[in-house]
Structure formats: structure tokens, C-alpha cells
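What follows is a set of notes on a single structure, which appears directly below.
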Amino acid sequence: MFRELLTANALVYAGYSAGACVLSPSLQGLELVDDADAVTRSYSSQPLWDGMALLHEAFVPHYRSPGHPETDAIERVVIRYRAEGIAYRTLHDGQALLVNGPEARIL
């Protein structure tokens, strides 16, 4: 339903950090940034790794963003994605990804 609303231009989605990462095909790799075991400790279940797959590549926020506490961990995510051949898109803090139909651009 979410995808249909976006396609019909009936919905605009905006997210920051993890709120944008969930648009990726998978959340694998982001456990290098956030403690995935916290899900098990808090909810007594395993984390779900499937993203919404609204983007065709992994979304990587805070890339080389001086002063952000997750920048070093994000660098490790990028290294892993490169090594595993996973398509990804990095954004520095202050940038935004605008997707409008087939067009995607960084602002």
C-alpha cells in the first residue's frame, strides 16, 4: 500500500538516518552502527533485516560527516558493502535524496 501511494503521488515520505535506511532492500550491515541485539533484549525476538526495498540500493547516512558520532561506524558499513558488492548510496549530513518517479538526485 505504501508503494502504491508513493507511485500515485498521494504520499510524500521523509526520513532522517534510520528513517531513510528502512527504504533500502536490506538493513544488513547497519548492525555495525546500531546494536541489533537490543531488539532481542527488548522484544525477545530476532531483528528483521528486510527493508522496504523502495530504493534499489542501501541508504547510508552520516557518511563522512565531521562531528557526527556515527561517522566512523558508517565508514565500516561502506567498506563492508564495497567488499560484498552491495550497491549503496551515501549522503553527508545536510544532504537529502529526492526521488520523483524514476529520477533520484541528491540535494
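The table that follows gives values for the structure above.
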read-out	value
First in segment 18-34 and farther than 12 Å from Glu57 by Cα, second anywhere and of a type in the set (Asp, Glu) and assigned to a loop (DSSP other than H, G, I, E, B), Cβ under 6 Å, 6 or more apart	Val33/Glu70
Any pair with Cβ under 7 angstrom, 6 or more apart, that starts in segment 46-57 at a residue that is small (Gly, Ala, Ser) and ends at one that is assigned to a loop (DSSP other than H, G, I, E, B) and surrounded by 15 or more Cβ atoms within 10 Å (Cβ to Cβ)	Gly51/Val22; Gly51/Leu23; Gly51/Ser24; Gly51/Pro25; Gly51/Leu27; Ala53/Pro25
The one condition in (1) in contact with a helix residue (DSSP H, G or I) (Cβ under 8 Å, 6 or more places away or on another chain); (2) among the hydrophobic types (A, V, I, L, M, F, W, C); (3) in contact (Cβ under 8 Å) with a residue 12 or more places away in the chain that Leu11 fails to fulfil	(3)
Every residue from segment 1-28 that is in a loop (DSSP other than H, G, I, E, B), over 26 Å from Arg82 (Cα atoms) and open to solvent by less than 80 Å² (accessible area, probe 1.4 Å)	Ala8, Ala10, Leu11
Segment 69-88 residues that are more than 19 Å from Leu55 (Cα to Cα), paired with ones that are in a helix (DSSP H, G or I) (beta carbon under 6 Å, 6 or more apart)	Ala73/Leu32; Arg76/Leu32
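Yes/no per residue for (1) of a type in the set (A, V, I, L, M, F, W, C); (2) farther than 16 Å from Cys21 by Cβ; (3) modelled with pLDDT of 95 or more:
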site	(1), (2), (3)
Phe59	yes, no, yes
Tyr63	no, no, yes
Gly67	no, yes, no
Ala73	yes, no, yes
Gly85	no, yes, yes
Thr90	no, no, yes
Asn100	no, yes, no
Glu103	no, yes, no
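The values are calculated or read from the model by the stated rules, or taken from the named source; none is laboratory data. Computed from a predicted structure; not experimentally measured. FYI the Cβ positions are ideal-geometry reconstructions off the backbone, even for glycines, and counts take in every protein chain you see. In case anyone asks, the SASA skips ligands and DNA or RNA and just uses the protein heavy atoms, side chains included. Shrake-Rupley method; radii C 1.70, N 1.55, O 1.52, S 1.80 Å.
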